[in-house]
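Have a look at the structure below, then the notes.
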Amino acid sequence: LREWAEALNRAAAAEKARLELERARAEAQTIAATADFRELRALGGGCAIAKTEERGITLPQLRAVKAQIDRRCVAEAWTDWEGRALRPETVSLYDAAKYVIKPATVERECSLVELFAAAPQLPKWFVSHWWGEPVADFIACLEQHCKDYGKKTPWGDAVEGGTTDDGTPYWVCAYANN
């Protein structure tokens, strides 16, 4: 009887997960139906990247995500999980996933990086962060990191041992995972 009850619980949990996945997909499709992803499309046509670990994202690509947020957030009356109106400077990664990442990728069923990368983008850095921080602050941190570990000084002089520039890919889960 105990094994039977455990099997029923597993089946119920699997059904609940399936329904949540269907709900999330429907939400993404609804948002995608009216969204304009021009900033992301301008980056290129994308490609399939089989290895998740080769889906790094660059600062120009992250800035395109921010451009989406800046242009669409207020115009489309985005709200957070509590129903409060969002402003571009308060959009977190949770919100960006709902309004940008999932809708932009739902049709192709790919990661955001695959949507616009021309080839695998092997990351130089792994980024661990809190999804609740504003996307704008996250990008500002990576821009500062790029300056701190840059190949050139602000005046254009080479930095010995510098490893990072605008095109250096960072591995960030939300943009790399499908």
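The values are calculated or read from the model by the stated rules, or taken from the named source; none is laboratory data. The model shown is predicted, which means the values in this text are computed figures rather than measured ones. All Cβ positions, even for glycine, are placed from backbone atoms using ideal geometry, and neighbour counts span all protein chains on display. With ligands, DNA and RNA removed, areas are computed over all heavy atoms of the protein, side chains included. Shrake-Rupley method; radii C 1.70, N 1.55, O 1.52, S 1.80 Å.
Below, the figures for the structure above:
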read-out	value
G46 at pLDDT below 95, open to solvent by less than 40 Å² (accessible area, probe 1.4 Å) and touching a helix residue (DSSP H, G or I) at 6+ places or on another chain (Cβ under 8 Å)	yes
The range 145-168: number of residues that are within 11 Å of L59 (Cβ to Cβ) and either modelled with pLDDT of 95 or more or among the polar types (S, T, N, Q) (or both)	2
Some residue of the range 5-24 being open to solvent by 90 Å² or more (accessible area, probe 1.4 Å) and touching a residue at least 40 places away in the same chain (Cβ under 8 Å)	no
Lone unmet requirement of (1) part of a helix (DSSP H, G or I); (2) of a type in the set (D, E, K, R); (3) surrounded by 14 or more Cβ atoms within 10 Å (Cβ to Cβ) for E76	(1)
Matching residues in the range 86-131 - criterion: being in contact (Cβ under 8 Å) with a residue 12 or more places away in the chain, assigned to a loop (DSSP other than H, G, I, E, B), open to solvent by 30 Å² or more (accessible area, probe 1.4 Å) and farther than 24 Å from E20 by Cα	R87, A118, A119, P120, L122, P123, K124, H129
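Rundown of residues vs (1) of a type outside the set (A, V, I, L, M); (2) modelled with pLDDT of 95 or more, yes/no style:
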{"residue": "R23", "(1), (2)": "yes, no"}
{"residue": "T30", "(1), (2)": "yes, yes"}
{"residue": "A50", "(1), (2)": "no, yes"}
{"residue": "I69", "(1), (2)": "no, yes"}
{"residue": "A77", "(1), (2)": "no, yes"}
{"residue": "D80", "(1), (2)": "yes, yes"}
{"residue": "S92", "(1), (2)": "yes, yes"}
